[in-house]
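Input: a single structure, listed below in structure tokens.
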Amino acid sequence: MLLDLLGVVYDGDVQIAGAAAAMERLRGTGLPLRFVSNTTRSSRDAIIAQLAGLGIEIDDEELQTPARAAVEWLRKHGRRPHLLVHPDLEVEFSGAEGGSDKAVVVGDAGEAFDYARLNRAFRELIAGADFLALATNRTFKDVDGLLSLDTGAFVAALEFASGRSPVVLGKPSPEFFHSALAGLSCPPADAVMVGDDAESDVAGALRAGLGAALLVRTGKYRPGDETRFDPAPTAVVDDLAAATDWIISRAAA
């Protein structure tokens, strides 16, 4: 089981109704869980603490984030980061300053996105720096309940200007899904993804070879999302509680 967090388990600082109970039911089945989040405004510790504040306990090893994938990439390739990320995320990259060559790392910088910072990242790219995108989501549901621009818009701007294509480290990268399943002794075909983003969560998981992907009508979901991207969801359900019913009924079959 792979679960998205924002829009599936919680919205802002509020648990989505029934999410904690649904997760307990899933844990009771013995199915291994991994939480795959494209959130790039918060550190891992902050995400885990936020969940704990909502009465939901998860272990560090259960959480897969693009920032962790980026740090692993930087170390593997001997690059030091030029960060265009939210200030709250910069702590994730402490200790990743080695290497003589650079890699531009782009996440959801929020209000820290401005012309000067974008232009500095652009200049690093045309000077030869590698290009890492923590995610390419188009939108996210903001704290005011409305959709806001997500990382993908700014990644696209840098890609257009520099003529460079990024390495995508979060969803919908197949490697991100496969990395989350690593160590679970679970082939992708036996895994199920639950998310509120029809493009990155659902279509991305199915393209990565997962056996099923469920789209919930919570979070950023808008009517018609299920028909906008290919492959289409395996099923569309009201929320995580309904997704849990769907999963348990088939696991028992």
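The values are calculated or read from the model by the stated rules, or taken from the named source; none is laboratory data. Owing to the predicted nature of the structure, the values given are computational and were not obtained by experimental measurement. Counting neighbours? That spans all protein chains shown, and the Cβs are built from the backbone with ideal geometry, glycine included. Please note that ligands, DNA and RNA were not included when accessible areas were found on the heavy atoms of the full protein model with its side chains. Shrake-Rupley method; radii C 1.70, N 1.55, O 1.52, S 1.80 Å.
Here is how the numbers come out for the structure above:
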{"quantity": "Qualifying strands (runs of 3 or more DSSP E) (wholly inside the stretch 121-224; at least 2 residues being crowded, with 24+ Cβ neighbours inside 10 Å and free of Cβ contacts under 8 Å to residues at least 60 places away in the same chain)", "calculated": "212-216"}
{"quantity": "Residue in the stretch 186-202 that is touching a Pro at 6+ places or on another chain (Cβ under 6 Å) and β-branched (Val, Ile, Thr) present", "calculated": "yes"}
{"quantity": "Top-ranked residue in the stretch 15-40 [being surrounded by fewer than 20 Cβ atoms within 10 Å (Cβ to Cβ) and in contact (Cβ under 8 Å) with a residue 40 or more places away in the chain; ranked as farthest from residue 251 (Cα to Cα)]", "calculated": "15"}
{"quantity": "Some residue of the stretch 218-236 being under 19 Å from the mean Cα position of the chain (by Cα), among the polar types (S, T, N, Q) and modelled with pLDDT of 95 or more", "calculated": "yes"}
{"quantity": "Which numbered condition residue 251 misses (of (1) over 17 Å from the mean Cα position of the chain (by Cα); (2) open to solvent by less than 60 Å² (accessible area, probe 1.4 Å); (3) touching a residue at least 40 places away in the same chain (Cβ under 8 Å); (4) closer than 27 Å to residue 27 by Cα)", "calculated": "(2)"}
{"quantity": "Tabulated pairs, the stretch 85-105, first of a type in the set (Lys, Arg), second in a helix (DSSP H, G or I), C-beta under 7 angstrom, 6+ apart or interchain", "calculated": "102/124"}
{"quantity": "The stretch 101-120 - residue that is open to solvent by less than 50 Å² (accessible area, probe 1.4 Å) and outside any helix (DSSP H, G or I) and, of those, nearest to residue 147 (Cα to Cα)", "calculated": "108"}
